[in-house]
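The values are calculated or read from the model by the stated rules, or taken from the named source; none is laboratory data. Because the structure is a prediction, the values reported are computed rather than measured. Here Cβ is always computed from backbone atoms with ideal geometry, including for glycine, and neighbour counts include all displayed protein chains. The area values use the complete protein model at the heavy-atom level, side chains included, leaving out ligands, DNA and RNA. Shrake-Rupley method; radii C 1.70, N 1.55, O 1.52, S 1.80 Å.
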Amino acid sequence: MVEMVGQFRNPKTTQDIVQKIHNLTTAKADPIKICHVCGTHEWTITHYGLRSLLPSNIEVIAGPGCPVCIVPASEIDHTIELAKEGKVITCFGDVLRVPGSQATLIETKAIGSDVRVVYAVSDAIEMAKKEPQKEFVFSAVGFETTAPITAIEALSELPPNFSFLVSHRLIPPAMEMLLGIEDLQIDGFIAPGHVSAIIGLKPYELFTKIYRMPTVVTGFEPNDVLMAIYMLLKQHNTNKAHLENEYSRVVKPEGNKKALKAIHQAFTTTTGTWRGIGQLDNSALQLKDQLAQYDARKKYHLKPIQSKDIPQGCQCHQIIVGKIKPNQCPLFLKTCTPTKPIGACMVSNEGTCRVWAKNTEINTTQP
């Protein structure tokens, strides 16, 4: 494994790929914007300073690739509502500080509500079994990567005092939404490796066949990302649009069949609200009717909430869709910091603002 990782961080290989990228463009060439939709990709690009290696006309922008960042305030508000009613809320650690319209879960915990951080859904289920007198709710956040875990647990025999507040979202509809933003230039997609390991390649076919948008699935090592950029530039220069899989060592064309089967058995697809974006058709998962006893929204009769997603002065909505960079937000590293985040993009380790804030190699000279 160490030997394999070394291949994808080899400096000589990096130099070779970068040279190939530079050979495909000139200083006077038209600007090319490549969009990724993965928080881990943004970490790799920023941490390793990959933007500084690219020709000046090539820009890599970050789309809505952080599953925590795009959870709308209304769904955080529902979780807080249940906590204040006495339910035990269980969640992953980065959900604690995601802002609702008035508060966060960690602030709700501070005033006495029972909010617990878990490392896996199974941990929350075991807690519910050990404390049958209490009602437990798990905040199920994530893209297609984590949805199979929720699905498998929902399809198993769960204790009657346990339910899910599902906030799973689907990546391809968000990618398609980006192409509908008139003043956002995108010349190619880097598709996310983790998501693609679950869903395979087929969901991306519409981008090349209908939108004629070059698309490459890639991994998370620096040479993975650089190779994806090289592959996209080759397509761009030949005016071709193909779906290519740089991450074939992990991503199979058919995806993970067992994971997909669990998702299809447990969930239906519905319209979902994304923080900073709004409603997207067929972009969210909800538990099927036969699993309604484990759906916290139905079990506790939660009503729709109109909540404010973006705090005053925050530019998360612009950052989430790649219109601006974190350092163009007036709050970035001033009032909004990793230790005291204001916007959702500063909360999670996959949030673009937090990635930029936590990595010292940031090319702040880019406009």
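Of all residues being in contact with a Ser or Thr (Cβ under 9 Å, 6 or more places away or on another chain) and basic (Lys, Arg) in region 299-313, which is surrounded by the most Cβ atoms within 10 Å (Cβ to Cβ)? Just the residue, please.
So in region 299-313, the residues in contact with a Ser or Thr (Cβ under 9 Å, 6 or more places away or on another chain) come out as 299-300, 304-309, 313.
Still in the list and also basic (Lys, Arg): 299, 308.
Details: 299: 18, 308: 14.
Of everything passing the filter in region 299-313, 299 is surrounded by the most Cβ atoms within 10 Å (Cβ to Cβ).
Among the numbered criteria (1) closer than 15 Å to residue 233 by Cβ; (2) modelled with pLDDT of 95 or more; (3) open to solvent by 50 Å² or more (accessible area, probe 1.4 Å), which one does residue 26 miss?
With (1) closer than 15 Å to residue 233 by Cβ; (2) modelled with pLDDT of 95 or more; (3) open to solvent by 50 Å² or more (accessible area, probe 1.4 Å) applied to residue 26, the lone miss is (2).
For residue 283, which of the numbered conditions (1) open to solvent by less than 20 Å² (accessible area, probe 1.4 Å); (2) part of a helix (DSSP H, G or I) fails to hold?
(2)
Go through region 232-273 and report how many residues are open to solvent by 30 Å² or more (accessible area, probe 1.4 Å), among the hydrophobic types (A, V, I, L, M, F, W, C) and assigned to a helix (DSSP H, G or I).
1
So which residues in region 192-202 are closer than 22 Å to residue 60 by Cβ, of a type outside the set (A, V, I, L, M, F, W, C) and open to solvent by 10 Å² or more (accessible area, probe 1.4 Å)?
194
Would you check if residue 233 is of a type outside the set (Val, Ile, Thr) and farther than 26 Å from residue 8 by Cα?
Criteria not met by residue 233.
How many residues, within region 214-231, are in a loop (DSSP other than H, G, I, E, B), surrounded by 23 or more Cβ atoms within 10 Å (Cβ to Cβ) and of a type outside the set (Gly, Ala, Ser)?
Count: 2.
Scanning region 59-106 for residues that are outside any helix (DSSP H, G or I) and basic (Lys, Arg), which turns out least open to solvent (accessible area, probe 1.4 Å)?
Across region 59-106, the extreme among qualifying residues is 87.
For region 164-175, indicate whether the set of residues that are touching a residue at least 12 places away in the same chain (Cβ under 8 Å), open to solvent by 30 Å² or more (accessible area, probe 1.4 Å) and over 19 Å from the mean Cα position of the chain (by Cα) is non-empty.
Taking every residue of region 164-175 in turn, none turns out to be touching a residue at least 12 places away in the same chain (Cβ under 8 Å), open to solvent by 30 Å² or more (accessible area, probe 1.4 Å) and over 19 Å from the mean Cα position of the chain (by Cα).
Give region 46-57 a look and list any residue that's surrounded by 15 or more Cβ atoms within 10 Å (Cβ to Cβ), touching a Pro at 6+ places or on another chain (Cβ under 8 Å) and either over 15 Å from residue 227 (Cα atoms) or hydrophobic (A, V, I, L, M, F, W, C) (or both), or say none.
Passing the criteria: only 50.
Step by step: first the residues of region 315-334, then only those that are surrounded by fewer than 16 Cβ atoms within 10 Å (Cβ to Cβ) and charged (D, E, K, R), then the one that is nearest to residue 347 (Cα to Cα). Which residue is that?
Among them, the one singled out is 334.
For region 230-267, which positions are among the β-branched types (Val, Ile, Thr) and under 19 Å from residue 195 (Cβ atoms)?
To start, the set of residues in region 230-267 that are among the β-branched types (Val, Ile, Thr) comprises 238, 250-251, 263.
Result: 250, 251, 263.
Any residue that is within 20 Å of the chain's Cα centre (by Cα) and open to solvent by 10 Å² or more (accessible area, probe 1.4 Å) - is there at least one of those in region 286-293?
yes
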